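Q: Mind having a look at this structure? Questions to follow.
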There are 2 protein chains.
Amino acid sequence: MQEAYRQAKNALAEGEIPIGAVIVCNNRVIAKAYNQTEKLNDVTAHAEMIAFTAAAEYLGNKYLHDCTLYVTVEPCVMCAGASYWAQLKRVVYGAPEPKRGYRRLGVNLLHPKTEMVSGILAQECAELMTTFFTSKRN
Amino acid sequence: MQEAYRQAKNALAEGEIPIGAVIVCNNRVIAKAYNQTEKLNDVTAHAEMIAFTAAAEYLGNKYLHDCTLYVTVEPCVMCAGASYWAQLKRVVYGAPEPKRGYRRLGVNLLHPKTEMVSGILAQECAELMTTFFTSKRN
């Protein structure tokens with residue numbers, strides 16, 4: 001999660017919503033990404049989506065059965081839906097996202113085989129988001 | 001929807017799940033795509049996702065407020081979640097997808113401003129899916 005946090009800081013430095021993601025497979029980082037919706041002018045360019053594509057490319061397999069996604073903020077519906085298709089082993093996120101996170105729906109959008117862990121480095125990850133949105137309002 | 005259907009047939013011809021999508025903005029087709037998850041080895045490469053990215057690129061705007069998405073099959077959770085972010089004016093789909101479609105959740109995953117229309121060319125779109133899955137089972 002420390003590496004995902006570093007990715008989120010990259011996003012912040014580039015004026016993007018500061019969310020970072022890392023995919024680990026057999027104790028090895030195989031993909032790192034941060035949100036690039038502004039730079040790429042593309043609503044689908046969330047950190048998780050970029051990381052899924054990169055991890056599948058690395059593995060030569062679109063299914064990420066042995067992989068863990070670390071992401072600094074609770075995934076949105078789109079990214080949870082993509083996790084479903086990727087059939088990840090585990091999703092670990094930092095800060096909750098009560099407004100746009102998938103969990104607000106009260107339905108498990110991840111694959112039934114995907115384990116979910118939350119709250120890792122939550123405060124630091126949340127603070128990056130607060131820093132970003134406060135700076136936008138000022 | 002006829003053009004989306006043609007896109008779905010392209011997918012079928014390439015051994016992909018036959019789903020096609022088109023985005024129309026001010027009576028003009030600005031993006032066409034079909035499912036390429038096998039070819040690109042990427043679970044995120046659904047027709048709709050590719051079309052959103054292409055339409056945003058064309059318009060130079062990641063928000064697709066004035067756009068209608070035509071897609072041959074009811075979008076999945078990932079694509080509905082992406083539609084939310086893109087804030088489409090309208091989503092029009094052909095065949096329902098009771099197993100993987102977003103509507104099975106009973107929650108509106110699209111943006112509150114997005115109008116939804118279903119059932120256009122439904123039978124033809126569904127038949128393409130049946131053709132594909134029947135051929136896979138034989």
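Q: Inside region B:34-62, can you point out the residues that are more than 7 Å from every other protein chain (Cβ to nearest Cβ) and among the β-branched types (Val, Ile, Thr)?
A: Hit for region B:34-62 is B:ILE50, nothing else.
Q: Could we say that B:ALA55 is outside any loop (DSSP other than H, G, I, E, B), without any contact (Cβ under 8 Å) to a residue 60 or more places away in the chain and buried (at least 20 other Cβ atoms within 10 Å of the Cβ) here?
A: For B:ALA55, the condition - outside any loop (DSSP other than H, G, I, E, B), without any contact (Cβ under 8 Å) to a residue 60 or more places away in the chain and buried (at least 20 other Cβ atoms within 10 Å of the Cβ) - is met.
Q: Being part of a strand (DSSP E or B) and either under 15 Å from A:ASP42 (Cβ atoms) or without any contact (Cβ under 8 Å) to a residue 12 or more places away in the chain (or both) is the filter here; which residues of region A:14-30 pass it?
A: A:ARG28, the sole residue that qualifies.
Q: Is it the case that B:LEU64 is touching a strand residue (DSSP E or B) at 6+ places or on another chain (Cβ under 6 Å) and buried (at least 23 other Cβ atoms within 10 Å of the Cβ)?
A: No, not satisfied.
Q: Hey, another quick one. Is it true that some residue in region A:102-112 is farther than 22 Å from A:VAL43 by Cα and either more than 14 Å from every other protein chain (Cβ to nearest Cβ) or in contact (Cβ under 8 Å) with a residue 24 or more places away in the chain (or both)?
A: Yes, because at least one residue in region A:102-112 is farther than 22 Å from A:VAL43 by Cα and either more than 14 Å from every other protein chain (Cβ to nearest Cβ) or in contact (Cβ under 8 Å) with a residue 24 or more places away in the chain (or both).
Q: Right, another one. Name the pairs whose Cβ atoms lie under 6 Å apart, with the first residue in region B:63-88 and at the interface with chain A (Cβ under 7 Å from one of its Cβ atoms), the second polar (S, T, N, Q), and 6 or more positions between them or separate chains?
A: B:ALA82/A:THR44
None of the figures in this text is laboratory data; all of them are computed from the coordinates on show. Bear in mind the structure is a predicted one, so any value in this text is a computation, not a measurement. For neighbour counting, all protein chains shown are included, and Cβ atoms are generated from backbone atoms with ideal geometry for every residue, glycine included.
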